[in-house]
Amino acid sequence: MIRSLFAACALSALATAAVAGAQSYDERPAKLAPRDTHYEYVRRAVDIPMRDGVKLHTVIVIRKGTRDAGILLTRTPYDADEQTKADSGTFAGILAHGDGPWDVIAADGYIRVIQDVRGMHGSQGITLMNPTPAGSPNNPTKTDDSTDTYDTIAWLVKNVPESNGRVGISGISYDGFLPLMALINPHPALKVSVPMNPMVDGWRGDDWFHNGAFRQIGLSYMLGQQGTRDASTPWVTDTADDYDYWLRNVSAGAVAKAQGVDQASGFYRKVAAHPAYDTYWSSAAMDKILAAQPLKVPTMLVAGLWDQEDIYGAPAVYRALEPKDTRNDMVFLTLGPWYHGQEIGDGSNLGAIKWDQDTAKWWRWHVLRPFLAHYLKSDQPAMDVAPVTAFRTGTNEWQRMQAWTQPTPTPLYLKPGGALGFDAAAGTAQTVDYISDPAHPVSYRVRPTKPMYAEGSTWKNWLVDDQRGVSGRPDVVTFTTDVLTQPVTIAGTPEVHLTAATSGTDSDWVVKLVDVYPEEMPKHEEMAGYQLAVAMDIFRGRYREDLAVAKPIAANTPLPYRFALPETNHVFLPGHRIMVQVQSSWFPLYDRNPQTFVPNIFFAQPKDYVTATQKITVSGPDASYIALPVIK
């Protein structure tokens, strides 16, 4: 969902032939700033016809003198012209020396192509948000992003004489979803795909929901992207703190009406009509779609371990595709210590957490660059890129692996008195209780919470915020181990096994796995006692039995809730402690659960929101635990 230069900076490649019949053909030199005079580029703007006659606006940027070069293609809803203005520096100086894959693009002389998707900015047609394959229930048309990519590549290999006929595609976020669509019936010239932080399953854990809880920030994105072709519709609030704005307006549906999202966005109307994981969502999940396709194009999936927008997608696609890779040479995975899109910027730190190196630059030059060169250069130089490249936090080191596999899980038990340990508490069932009040929901970060795109917003860092900001609240219960004397290494997907009761008939459960730093750190005093969330997520209780069907929760009855936390690769060091936090709201990032069962929480009324007593079982045969992927 990212909307900055990051969205445009992803990758791709094209092919050969003579320039002929280009529509809206515009070519001009782009002189670089004085420090960059060793490169000079040519910019061409063309409107490429698709099979149904719709023309898609496309910008081609080529270093002067280029011959026999691969092309890096990004398809985007974020304005190809704006991203390639010669007078703004966004493709001239940055292309040569700026942050991001631009450094790799410039170093190896790739032809850069950026294209507006249907219905956005300079392209004709009707825009559809994350359209599914043509002919599917969610897309009755005969075209989709797969066919548009195919037709674009076919045109490029015939009309860009500087290319070598080898094409790659990549992008971040929405632009990362599009390289996945390109894998459906790919053009023969498509030699590689690099989806970075892709939108994959909008209900399970990417932009729109997490396990049924709605991410309210998505409304501003829907309004901007579908309000007008140029994405200029503003989101207007009259408060300095998003917490106050959303609380005052009660529900996501009420905010959508107040902002005009319900009128401007057909996608919103679909989202609000499908709050459960029915076939609308499951049929659109790209991991499921690609699992049914043959594996034809080498693909490198790039994930951020602290991706605040699309943390679910890349590992899910890896799990879907890797079994098809019988020779272990087609599906690659990178797990980096990054926020959404940080791999193309400076990766030295994430908020207050420092990695002892620029992890993003190392990855671009030692993994991405040889990977692209192997598939896009005419001589196809050999590469030494492991099937999985993962950064292990805590010890702060890169690892090369043959596969990303899940170790046998080890239970970490929640225990009476706020204890936490690998041995279960003895005795009969006991509970730890707290009161969840929708009138005072737990903030997802220390207030004031600024809008995502507000000036000075630190939205990109919120997943590594110090959890001490909320851990002292009475409606956040914490469980902590003794100080560790040996390292505890986890690599994989932690899974929550929560036994809980609520006095209401619906409830959300938020579980956080936290690394608690020592109280004394002489060399890093600013980190003393820091509570770093390693993995955390939310689950909407009404989907406990069936993700596709909402059901009331039996009040005051201990029931099992089971859900996965995001991917981890972390070492809890000696001297640290492991903490688990449990709460029932995460506001205003996620809409409030009224704690009274209603048919559709989007349209809950003020009277529906009630206080509930929550009871977490912490001993006995049904004691709650986190199944940790511990490396023994």
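The values are calculated or read from the model by the stated rules, or taken from the named source; none is laboratory data. Please read all numbers here as calculations on a predicted model, not as lab measurements. Positions of Cβ are generated from backbone atoms using ideal geometry, with glycine treated the same way; all protein chains shown enter the neighbour counts.
Values for this structure:
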| read-out | value |
| --- | --- |
| Residues (part of a loop (DSSP other than H, G, I, E, B) and either touching a Phe, Trp or Tyr at 6+ places or on another chain (Cβ under 7 Å) or of a type in the set (A, V, I, L, M) (or both)) located in region 472-507 | Pro474, Asp475, Val476, Val483, Leu484, Pro487, Thr505, Asp506 |
| Pairs, first without any contact (Cβ under 8 Å) to a residue 40 or more places away in the chain in region 367-380, second charged (D, E, K, R), C-beta under 7 Å, six or more apart | Pro370/Asp384 |
| Region 107-120, residues that are in contact (Cβ under 8 Å) with a residue 60 or more places away in the chain, surrounded by 20 or more Cβ atoms within 10 Å (Cβ to Cβ) and not aliphatic (A, V, I, L, M) | Tyr110, Gln115, Asp116, Arg118 |
| Flag if Gly336 is under 28 Å from Gln531 (Cβ atoms), assigned by TED's automatic domain parsing to the domain that holds Ala285, surrounded by 18 or more Cβ atoms within 10 Å (Cβ to Cβ) and of a type outside the set (Ser, Thr, Tyr) | yes |
| Region 578-609: number of residues that are aliphatic (A, V, I, L, M) and within 20 Å of Leu559 (Cα to Cα) | 3 |
| Cβ pairs under 8 Å, 6+ apart, first in region 484-497 and modelled with pLDDT under 95, second part of a strand (DSSP E or B) | none |
| Sole exception among (1) more than 26 Å from the chain's Cα centre (by Cα); (2) surrounded by fewer than 18 Cβ atoms within 10 Å (Cβ to Cβ) for Gly125, by number | (2) |
| Residue in region 293-331 that is farthest from Ser146 (Cα to Cα), counting only those that are among the acidic types (Asp, Glu) and surrounded by 16 or more Cβ atoms within 10 Å (Cβ to Cβ) | Asp307 |
| Selection count where residues are touching a His at 6+ places or on another chain (Cβ under 9 Å) and in contact (Cβ under 8 Å) with a residue 40 or more places away in the chain, scope region 396-431 | 1 |
| Test: Glu525 is charged (D, E, K, R) and in contact with a strand residue (DSSP E or B) (Cβ under 8 Å, 6 or more places away or on another chain) | no |
| Some residue of region 180-195 being more than 21 Å from Phe603 (Cα to Cα), within 24 Å of the chain's Cα centre (by Cα) and in a helix (DSSP H, G or I) | yes |
| Residues of region 404-435 satisfying the condition of being more than 29 Å from the chain's Cα centre (by Cα), in a strand (DSSP E or B) and more than 15 Å from Pro621 (Cβ to Cβ) | Ala419, Leu420, Gly421, Val432, Asp433, Tyr434, Ile435 |
| Residue list for region 501-543, restricted to those being surrounded by 23 or more Cβ atoms within 10 Å (Cβ to Cβ) and either small (Gly, Ala, Ser) or free of Cβ contacts under 8 Å to residues at least 24 places away in the same chain (or both) | Gly504, Ser507, Ala535, Gly541 |
| Qualifying positions in region 72-102 - at pLDDT 75 or above, surrounded by fewer than 20 Cβ atoms within 10 Å (Cβ to Cβ) and in a helix (DSSP H, G or I) | Asp81, Glu82 |
| Region 445-500 - residue that is surrounded by 21 or more Cβ atoms within 10 Å (Cβ to Cβ) and hydroxyl-bearing (Ser, Thr, Tyr) and, of those, nearest to Val236 (Cα to Cα) | Thr449 |
| Unique residue being of a type in the set (Ser, Thr, Tyr), modelled with pLDDT of 85 or more and either closer than 22 Å to Val261 by Cβ or buried (at least 21 other Cβ atoms within 10 Å of the Cβ) (or both) when the list is Thr132, Thr141 | Thr132 |
| Boolean, Asp244 is part of a loop (DSSP other than H, G, I, E, B) and acidic (Asp, Glu) | no |
| Sole exception among (1) touching a strand residue (DSSP E or B) at 6+ places or on another chain (Cβ under 7 Å); (2) modelled with pLDDT of 95 or more for Val54, by number | (1) |
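Results for (1) crowded, with 19+ Cβ neighbours inside 10 Å; (2) more than 26 Å from Asn600 (Cα to Cα); (3) in contact with a helix residue (DSSP H, G or I) (Cβ under 7 Å, 6 or more places away or on another chain), shown as yes or no for each residue.
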residue	(1), (2), (3)
Ala252	yes, no, yes
Val255	yes, no, yes
Asp287	yes, yes, yes
Ala291	no, yes, yes
